């Protein structure tokens, strides 16, 4: 589903283990790593889409995980101009995402990247909580920061965690004919 501004509705999945380390997956036949994510179909709730994507991309079923939390509202990122498919209508200029934080209840051996007809990932590992901010492609970094910051209090048991909501910069209405990419905001706020 692509909204009137050109953003595709999507879910992001942050899967953690009992030690608070995060599932980090390598895109098949690429060098880039990311969290699992995928589109929300018209007939799905975000939670239904999350469980479908979890099964398709990671091979896990609902009984393998516990939902710890989710982000409030949509977090958005714009695609770089080179990744926007101009021949398709409506034009998708980016993603708007709801992020889910899950805890693995099953075994690591339950993770199966090879169950779908078109696997998304070919390798995975556990990483420290904040590691993805250094390793994800730059255009997704602000959304990762917002999601990780918002969900961190659910992973770390500390009373002094600064539970401030991450502000996403206001973006002007999409100019689908723009010749150059818009500046991505810095990670500092």
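The values are calculated or read from the model by the stated rules, or taken from the named source; none is laboratory data. All values reported here derive from a predicted model rather than from experimental measurement. Cβ coordinates were reconstructed from backbone atoms using ideal geometry, including for glycine residues, and neighbour counts include every protein chain displayed.
Summary of computed values
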| read-out | value |
| --- | --- |
| Residue in the range 129-142 that is at pLDDT 95 or above, assigned to a loop (DSSP other than H, G, I, E, B) and on the phi > 0 side of the Ramachandran plot present | no |
| Index of the failed condition, residue 26 passing every other in (1) modelled with pLDDT of 95 or more; (2) assigned to a loop (DSSP other than H, G, I, E, B); (3) closer than 24 Å to residue 135 by Cβ | (2) |
| Residue in the range 82-99 that is in contact with a strand residue (DSSP E or B) (Cβ under 7 Å, 6 or more places away or on another chain), crowded, with 16+ Cβ neighbours inside 10 Å, more than 23 Å from residue 7 (Cα to Cα) and modelled with pLDDT of 95 or more present | no |
| Single condition residue 73 does not satisfy, out of (1) outside any strand (DSSP E or B); (2) farther than 19 Å from residue 144 by Cβ | (2) |
| Number of the exception - residue 18 against (1) out of contact with any helix residue (DSSP H, G or I) (no Cβ under 9 Å at 6 or more places or on another chain); (2) in a helix (DSSP H, G or I); (3) closer than 25 Å to residue 128 by Cα | (2) |
| Qualifying residue in the range 38-48 (condition: buried (at least 16 other Cβ atoms within 10 Å of the Cβ), in a helix (DSSP H, G or I), out of contact with any strand residue (DSSP E or B) (no Cβ under 7 Å at 6 or more places or on another chain) and modelled with pLDDT of 95 or more) | no |
